[in-house]
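Everything below concerns the one structure shown next.
The values are calculated or read from the model by the stated rules, or taken from the named source; none is laboratory data. None of these values were measured; they are calculated from a predicted model. Methodologically, a virtual Cβ is constructed for each residue, glycine included, from the backbone with ideal geometry; neighbour enumeration extends over all protein chains shown. With ligands, DNA and RNA removed, areas are computed over all heavy atoms of the protein, side chains included. Shrake-Rupley method; radii C 1.70, N 1.55, O 1.52, S 1.80 Å.
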Amino acid sequence: NDVSVVIVSWNARDYLKMCLQSIARASSGLAVEVIVVDNASSDGSPEMVEKEFPRVRLIQTGANLGFAGGNNKGIEHATGKYVFLINSDVEVGEDTFGKLVGYLDENPDIGLLGPKILSADGGIQRSSMGFPTVENSLYRAIALDRLFPNSRRFGSQLMTFWDHNSTRDVDVVNGCFWAARVDAIKQVGVLDDRFFMYGEDVDWCRRFHQQGWRVVFYPSAEVIHYGAGSSSNAPQRFYVQLYRSKLMMFQKHSSPVEATLYRMILLFHQTIRMSAFSVLWIGKPSQRKGAAKKVSASVACIRSLALGGVSS
């Protein structure tokens, strides 16, 4: 096979159906196998796959293994030259696969390639980022990246200074769609499944860099990411998990002193966020419901970061 597509899904049946339909359209001219790893969905996703996509290989884990664990199950069964890890809430353009395969064939030093990611309204989503550091995380916490989005210094983590319209080597490509070279995966290793969800993207990209593989953003290939296909089922839980994973990633790749500073910055960030939405709750009665959810999420996050025993 040219490409093995791996999709991890948890209670995202309608998005998954859309994703699989788009993959079928994008597979013309290529030998493509599709592997769906279902993380114990209860919304009829496995039954839908079996009934409507009989050529898709369905792996039912029987438990929620998370994003990294689920993708690793799929990678185990992949037979393609390239493995495309695609979120269930992604719609693939008809020419996307061909462009990605062509570019990877032309550039054998690229281990990981990411397409341009668009929102449903056509806007550009964050498709890549810089590695988080103590310094740029502090800039984010006090919103300097929002106040000065064109600054390469203040916007270095989310690359707010860049329009995402040119091919370039980057630190991290977004984890909702990865085109990975199997030979590189054999050297780098699969995803670290200690990251249940989030953080594994930064970790994996860092490991590709460490092994000498290029990580590249390639805007000529585009996908639409609808967002929150699975995380919308438990938004606060996933928000807390995001920040726990951020800390775990930092602990894995940084010194204990840097990790302690990073934890303090994350706590500071959430305290500012909680305070801002508390003011909004008081001053804008019409927005109290949404503000209350934000405050609750930040409180849960602060409690987790302050008391939780996160370790790598």
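Would it be correct to say that Val202 is touching a Phe, Trp or Tyr at 6+ places or on another chain (Cβ under 7 Å), among the hydrophobic types (A, V, I, L, M, F, W, C) and within 28 Å of Arg237 (Cβ to Cβ)? So Val202 passes the test. Quick check, is Tyr218 closer than 30 Å to Phe84 by Cβ and out of contact with any Lys or Arg (no Cβ under 9 Å at 6 or more places or on another chain)? So Tyr218 does not fit the description; no. Scanning the stretch 64-109 for residues that are of a type in the set (Val, Ile, Thr), under 19 Å from the mean Cα position of the chain (by Cα) and farther than 13 Å from Ala26 by Cβ yields Ile75, Val83.
Counting the residues of the stretch 136-163 that are closer than 22 Å to Thr271 by Cα and open to solvent by 50 Å² or more (accessible area, probe 1.4 Å) gives 7. Checking each residue in the stretch 1-12 for being open to solvent by 10 Å² or more (accessible area, probe 1.4 Å), in contact with a helix residue (DSSP H, G or I) (Cβ under 9 Å, 6 or more places away or on another chain) and more than 12 Å from Asn87 (Cα to Cα) picks out Asp2, Asn11. As a summary of the residue check, Gly29 satisfies the conditions (1) touching a Gly at 6+ places or on another chain (Cβ under 7 Å); (2) surrounded by 16 or more Cβ atoms within 10 Å (Cβ to Cβ); (3) not in a strand (DSSP E or B) except for the one numbered (2).
The set of residues in the stretch 185-205 that are on the phi < 0 side of the Ramachandran plot, open to solvent by less than 50 Å² (accessible area, probe 1.4 Å) and out of contact with any Lys or Arg (no Cβ under 6 Å at 6 or more places or on another chain) comprises Ile185, Leu191, Asp192, Phe195, Met197, Glu200, Asp201, Val202, Asp203, Trp204, Cys205. All of Asp201, Asp192 fail the test of being acidic (Asp, Glu) and part of a loop (DSSP other than H, G, I, E, B), apart from Asp192.
Checked against (1) open to solvent by 40 Å² or more (accessible area, probe 1.4 Å); (2) in contact (Cβ under 8 Å) with a residue 24 or more places away in the chain, Gln287 meets all criteria but (2).
If you filter the stretch 204-236 down to residues that are closer than 28 Å to Ala120 by Cα and assigned to a loop (DSSP other than H, G, I, E, B), you find that the one that is modelled with the highest pLDDT is Tyr226.
Checked against (1) among the β-branched types (Val, Ile, Thr); (2) surrounded by fewer than 16 Cβ atoms within 10 Å (Cβ to Cβ); (3) in contact with a helix residue (DSSP H, G or I) (Cβ under 7 Å, 6 or more places away or on another chain), Ile35 passes all but a single condition, namely (2).
A search for C-beta distances below 6 Å between a residue of the stretch 203-217 that is under 17 Å from Leu104 (Cβ atoms) and any residue that is part of a loop (DSSP other than H, G, I, E, B) and open to solvent by 50 Å² or more (accessible area, probe 1.4 Å), counting only pairs 6+ apart in sequence or on different chains, returns Arg214/Asp109. Scanning the stretch 261-273 for residues that are open to solvent by less than 50 Å² (accessible area, probe 1.4 Å) and among the hydrophobic types (A, V, I, L, M, F, W, C), we see that the one that is farthest from Asn136 (Cα to Cα) is Leu267. Of the set (1) open to solvent by 40 Å² or more (accessible area, probe 1.4 Å); (2) touching a residue at least 60 places away in the same chain (Cβ under 8 Å), all apply to Thr133 but (2). Kindly indicate whether Ile59 is in contact with a Lys or Arg (Cβ under 6 Å, 6 or more places away or on another chain), surrounded by 17 or more Cβ atoms within 10 Å (Cβ to Cβ) and of a type outside the set (Phe, Trp, Tyr). Criteria met by Ile59. If you filter the stretch 164-184 down to residues that are open to solvent by 30 Å² or more (accessible area, probe 1.4 Å) and part of a strand (DSSP E or B), you find that the one that is farthest from Val202 (Cα to Cα) is Arg168. Kindly evaluate Ile23 against the criterion of being in contact (Cβ under 8 Å) with a residue 40 or more places away in the chain, surrounded by 19 or more Cβ atoms within 10 Å (Cβ to Cβ) and not in a helix (DSSP H, G or I). No.
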